[in-house]
1. Criterion first (touching a helix residue (DSSP H, G or I) at 6+ places or on another chain (Cβ under 7 Å), on the phi > 0 side of the Ramachandran plot and either at the interface with chain A (Cβ under 8 Å from one of its Cβ atoms) or not in a strand (DSSP E or B) (or both)) does residue B:103 satisfy it?
2. Please specify each residue of segment A:36-56 satisfying the condition of being within 7 Å of chain B (Cβ to nearest Cβ), part of a helix (DSSP H, G or I) and more than 35 Å from the chain's Cα centre (by Cα).
3. Name the pairs: first residue in segment B:125-137 and assigned by TED's automatic domain parsing to the domain that holds residue B:164, second residue surrounded by fewer than 17 Cβ atoms within 10 Å (Cβ to Cβ) and part of a helix (DSSP H, G or I), Cβ to Cβ under 8 Å, at least 6 apart or on different chains?
4. So which residues in segment B:145-168 are surrounded by fewer than 16 Cβ atoms within 10 Å (Cβ to Cβ) and not in a helix (DSSP H, G or I), if there are any at all?
5. Hey, residue A:377 hits all of (1) buried (at least 18 other Cβ atoms within 10 Å of the Cβ); (2) under 30 Å from residue A:69 (Cα atoms) but one; which does it fall short on?
6. Answer yes or no: is there a residue in segment B:114-124 that is in contact (Cβ under 8 Å) with a residue 12 or more places away in the chain, assigned to a loop (DSSP other than H, G, I, E, B) and closer than 21 Å to residue A:368 by Cβ.
7. List every residue pair whose Cβ atoms lie under 9 Å apart, where the two residues are 6 or more positions apart in sequence or sit on different chains, the first residue falls within segment B:204-216 and is closer than 18 Å to residue B:47 by Cα, and the second residue, located anywhere, is part of a loop (DSSP other than H, G, I, E, B).
8. Could you please find all residues in segment B:172-181 being more than 8 Å from every other protein chain (Cβ to nearest Cβ) and crowded, with 20+ Cβ neighbours inside 10 Å?
């Protein structure tokens, strides 16, 4: 009689094989999900057709017929399509999001650090800012900024005039618009070269410092390269070819200003609203990150004789960044998504133009909403991806 | 948020319901739930506006009440859903409202591409401009370079583009979701001109701190036939809405008023007899009772009565009948006969 150990393991039924089961479950789930999506999509098409609601994406090539006041690409009611209106909206959303993220980061870091300041006044001011901003609904703040911006400014005929070049009124800020002539493209090229040279120099300077301890004036060199180089190119072209950039100065004509560039009050209100609101949250993220760095680090640094500014910049912030970056990413995503509240104050962002006017004009709710959701999803995933790469670079390197 | 819910609703309704809403569903639906849901303006004096107690009044509102009167013999069995210009069609498509009576312009694309049917014109309107008096403008042709505030998702937005292009003028459009936000921005000086349908201009001007500081320019730049709409495909429901409006017009033409309608039932005029249901079975043919029109006039009134009460001499707007007079008096309001 064989012992139990000698018995060949009974061939279990396939039904009880955990591997087979797992795969079977996955297959069933996939089939169900795909089937559901397919049924939903085909039903939607059939029902829309039955209700005589137009469907498909052909509308993107149809002439739009409505105007938009703030466009980054050439756009007119006469010749542009819904597809171009979509791009206008998308660009407007991206512009306000990118600029908003930039300023919100600066303001947020400043306030977050200020809240930890030993100066009672500064830290309390930062605290009041954070508490007020974080605890009021964003929509309310946007309306406040819009109404505040509009109410505080005079009409175009009484515009605040700065040197006959800049005009500030309730139509926005009018600036001279640059007109580019021959050779003008060399100036931005010089600017880019300046930035690249600065990066190379900064790296070299750091290696030199690590090797020899000698410090080089990176900041001053950067200013010289980034600002000086384009100005030098400008002057040279101006001397030998003729002024490469002239300005179209806005002037009052009839009701409004003609010419120049216009920064619209809706844009300013949205930008200020989003920036101050998100900065309130970023400030708390930064404060949490800094407090997460153990006090021993600061004490050790000051024992080494570093000055407070250096301690913050060289010892505390780099370690705090590891705690800060993940929640900071969420704030960036929030800012981008919150920009859709633009609809309340008449800024033509993606939601206002596409989910608003285009949807209403074409009646194709399913397509328009699907596209809009896909766009926000893409923007958010891209932002996350970039921040994740940055996060990996900042993470502690285990040796 | 409301837009999102409506949109998701339409998406779900479109994707998950195996069959499209059956053709004759709306009347049964309305009878079953015991009241009519009517898509209305969020607040336009004379057409659809709730007062402080939440009672709705207006020309559009009275049409909804007339439909309710015809179905339930009770004009109060209406629930009004305030809708912004850009949300209104989605709300109708998704079934959130049974009928949309919200000063909505009848255009070909709306009639044929949005899954809607317009059933008539209860107010003939046209688009105009309002400006501040101190601007010194007396004609829309002088608006070159102006900033214009308008409501998005309206025919107004499109006519504006056409008009300035046709007249070779420059302008800047500032578009808002709601009528109130649009007017607030104009009021705050963001725009030189405010544009909407002429009736809306007079109604909106009353909201200004001092109405006499604003003038309505003489040009009417478009045709805006405003009318009720229903979902495409339910013809019986469309007939009810269409003939409710016609019943009020026919009543005016035949001299039947809210006050005299009971005596009129004894009148020998065969047209009146057919209208009020003592002869023929016209009401049953549209799924109602034969005294449907009698109920409408008794509870709500004829077209002249609701016009004068809401937008005409009995209101603050003091709008003349003009194009909205009966055809017998030189206007465009013309109802086919009940026979």
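The values are calculated or read from the model by the stated rules, or taken from the named source; none is laboratory data. Computed from a predicted model, the values in this text were never measured in an experiment. Because the Cβ atoms are built from the backbone with ideal geometry, glycine has one as well, and the counts that use them run over all protein chains shown.
1. For residue B:103, the condition - touching a helix residue (DSSP H, G or I) at 6+ places or on another chain (Cβ under 7 Å), on the phi > 0 side of the Ramachandran plot and either at the interface with chain A (Cβ under 8 Å from one of its Cβ atoms) or not in a strand (DSSP E or B) (or both) - is met.
2. A:43, A:47, A:48, A:50
3. B:132/B:213; B:133/B:212; B:133/B:213; B:134/B:213
4. Result: B:167, B:168.
5. The failed condition is (1).
6. Yes, that holds for at least one residue.
7. B:204/B:45; B:206/B:45; B:206/B:316; B:206/B:317; B:207/B:45
8. Within segment B:172-181, just B:179 meets the criteria.
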